[in-house]
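Okay, structure first, notes after.
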């Protein structure tokens, strides 16, 4: 079984990668996640993925493939992070209601002497939400550890009218592109580990 280090505390990334049979070792990165505010969303997610990966690679090495990633939600050129509390979550969902926003995920794969980075963008359109729907959703536990305060793979699916781009990217890891890059780096042959 092929080993893979996941430099992320995201249970969603762990679940998506586990489908491929990797012997996964999770090491949460120790980074402060600060970036230059002048960076574009693409540059932000690549920068954060690299920060996370480098912090884990310092101790874990890169003889075993190491993957790190970061996902952000962007609307009106503003990055919407994880909500700090219920009120913040309600404001985020209200801002996304009836509109289209973008989800960017940056990925960094460290393997031996190579570092492969890329990003994927998906556009997500929400239906127009009532105040009661926003309130009810924010009464669940779902919004509180996710960029943009929602989970497309959970209860939050009721808000999503359409996705243009990768569905798994909106969850937090663009699986098709990750597998393609694993193949390019010789980590996978086909999809077998």
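Being touching a residue at least 12 places away in the same chain (Cβ under 8 Å) and over 23 Å from residue 96 (Cβ atoms) narrows it down to one of 73, 45, 5, so name that one.
Values: 73 fails: over 23 Å from residue 96 (Cβ atoms); 45 fails: over 23 Å from residue 96 (Cβ atoms).
Going through 73, 45, 5 in turn, the sole match is 5.
Among the residues of region 114-138 satisfying the criterion of being part of a loop (DSSP other than H, G, I, E, B) and either without any contact (Cβ under 8 Å) to a residue 12 or more places away in the chain or in contact with a strand residue (DSSP E or B) (Cβ under 8 Å, 6 or more places away or on another chain) (or both), which is surrounded by the most Cβ atoms within 10 Å (Cβ to Cβ)? If you could, list the steps in order and put the result at the bottom.
Quick first cut of region 114-138, residues part of a loop (DSSP other than H, G, I, E, B) only: 127-130.
Filter once more, so that each one left must be either without any contact (Cβ under 8 Å) to a residue 12 or more places away in the chain or in contact with a strand residue (DSSP E or B) (Cβ under 8 Å, 6 or more places away or on another chain) (or both): 127, 130.
Values: 127: 13, 130: 10.
Per the stated criteria, the residue is 127.
Hey, could you check region 8-30 for residues that are buried (at least 16 other Cβ atoms within 10 Å of the Cβ) and over 12 Å from the mean Cα position of the chain (by Cα) and say which is nearest to residue 175 (Cα to Cα)? By that ranking, first place goes to 17.
Being under 30 Å from residue 127 (Cβ atoms), modelled with pLDDT of 95 or more and either surrounded by fewer than 18 Cβ atoms within 10 Å (Cβ to Cβ) or in contact with a helix residue (DSSP H, G or I) (Cβ under 6 Å, 6 or more places away or on another chain) (or both) narrows it down to one residue among 87, 82; which is it? Even if it seems obvious, please write down each step before you answer.
Working: 82 fails: modelled with pLDDT of 95 or more.
One residue alone meets the criteria, 87.
Within region 34-60, take every residue that is over 15 Å from residue 104 (Cβ atoms) and not in a helix (DSSP H, G or I) and give me the one that is modelled with the highest pLDDT. Applying the filter and picking the extreme gives 38.
The values are calculated or read from the model by the stated rules, or taken from the named source; none is laboratory data. In this text, all values refer to a predicted model and were calculated from it rather than measured experimentally. Glycine gets a Cβ as well: all are built from the backbone with ideal geometry, and neighbour counts include every protein chain shown.
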